[in-house]
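Everything below concerns the one structure shown next.
The values are calculated or read from the model by the stated rules, or taken from the named source; none is laboratory data. It should be emphasised that the depicted structure is a prediction, and the values quoted were computed from it without experimental measurement. Cβ coordinates were reconstructed from backbone atoms using ideal geometry, including for glycine residues, and neighbour counts include every protein chain displayed. To get the accessible areas, we keep the full protein, side chains included, count just its heavy atoms, and leave off ligands, DNA and RNA. Shrake-Rupley method; radii C 1.70, N 1.55, O 1.52, S 1.80 Å.
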Amino acid sequence: MTNPYRFHLNSFFETITDFKHAANRLNKVLLNDVKIYTAEGAGFFSGTALVIGDWTGPTDNGWKLKFHTGIQKSTFKENYANEINAVLSREFGLAFAQCFEALERFLKRVAREKGRNNQEFQLLLLDKKYSTGDSLKGGDAIFDLIKKAGGLRFKEYSRDNNHNFKFKEIFTIFAEVRHAVTHSQGELKVIKLMKSDYYNVLFEYLFPFNKLKGEVVPLVFDYRTMDRLLTYLAEFGYQIFKILSEEEKLDWRIE
């Protein structure tokens with residue numbers, strides 16, 4: 001019997017692979033650029049000014065009149081490496097956020113898939129706790145729904161796995177980081193994850209350039225960290241695929 005969850009897993013894996021592929025190239029090109037333009041004897045300057053027009057102001061025979069906002073930014077050779085590292089950190093954070101959202105889409109799709117052949121679970125999908133009309137909720141709602149779908153096996157694998165990753169805790173950390181990247185320009189509110197010593201240890205293991213200290217953590221990513229995080233997202237999705245497949249006695253092995 002064909003595993004109906006496999007199509008959704010492949011789609012999720014393709015997204016992860018696409019971001020890994022693009023990020024690898026971006027990292028190599030920009031770091032090589034730094035080597036070139038910070039070498040002895042090299043020169044570098046880059047400047048950007050924000051110039052806009054007034055939609056409701058006068059025009060020049062229909063052509064927009066532009067004006068300088070007074071806001072500008074310059075990069076010199078001396079701070080070019082720092083600037084590129086900041087750009088890469090931001091892009092890697094955005095890649096992580098996009099891939100976490102792909103994980104949530106995967107979870108919603110496999111939940112829908114399970115509902116197609118399980119009337120009791122289909123009724124659960126209609127519960128307002130988990131859905132808003134035709135759409136399933138993300139965050140804690142979809143996690144709880146998948147937890148119910150996985151039954152005792154979900155709890156067992158969360159309690160005992162090779163990484164000692166507790167599924168709820170790692171999902172919460174990933175979700176809060178995604179929220180910080182997407183909605184707060186990469187600034188994570190420490191109080192969101194000050195739940196236990198395990199949260200603190202796991203967060204700093206996953207995000208080694210960041211410490212849960214103070215009120216806000218300006219998240220920092222490098223390529224190696226991002227690449228490892230995307231692998232963990234893929235492996236989390238695979239565990240869900242494996243759990244649901246085993247529950248329904250479907251083939252879950254990828255060879």
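Being open to solvent by less than 60 Å² (accessible area, probe 1.4 Å), of a type in the set (D, E, K, R), at pLDDT 95 or above and in contact with a strand residue (DSSP E or B) (Cβ under 8 Å, 6 or more places away or on another chain) holds for only one residue in E83, E101, and it is E83.
Taking segment 50-70 only, how many residues are open to solvent by 50 Å² or more (accessible area, probe 1.4 Å) and touching a Ser or Thr at 6+ places or on another chain (Cβ under 9 Å)? Result for segment 50-70: 4.
If you go through segment 36-84 and keep only what is part of a helix (DSSP H, G or I) and either more than 29 Å from Y223 (Cα to Cα) or of a type in the set (D, E) (or both), you end up with E78, E83. Look at F45 and say whether it is of a type outside the set (A, V, I, L, M), closer than 30 Å to R109 by Cβ and surrounded by 10 or more Cβ atoms within 10 Å (Cβ to Cβ). When the stated conditions are applied, F45 does not pass them. Note on segment 199-213: residues that are open to solvent by less than 50 Å² (accessible area, probe 1.4 Å) and among the hydroxyl-bearing types (S, T, Y) amount to 1.
What's the number of the condition E187 fails, among (1) surrounded by fewer than 18 Cβ atoms within 10 Å (Cβ to Cβ); (2) under 26 Å from L244 (Cα atoms)? Unmet for E187, out of (1) surrounded by fewer than 18 Cβ atoms within 10 Å (Cβ to Cβ); (2) under 26 Å from L244 (Cα atoms): (2).
Kindly establish whether I191 is in contact (Cβ under 8 Å) with a residue 24 or more places away in the chain, in a helix (DSSP H, G or I) and more than 19 Å from S89 (Cβ to Cβ). Criteria met by I191.
Can you list residue pairs whose Cβ atoms sit under 8 Å apart, with the first residue in segment 87-98 being among the polar types (S, T, N, Q) and open to solvent by 10 Å² or more (accessible area, probe 1.4 Å) and the second being assigned to a helix (DSSP H, G or I) and at pLDDT 95 or above? Count only pairs 6 or more apart in sequence or on different chains. Filtered contacts from segment 87-98: Q98/T15; Q98/F19. Residues that are within 28 Å of the chain's Cα centre (by Cα) and closer than 30 Å to L244 by Cα do not occur anywhere in segment 73-81.
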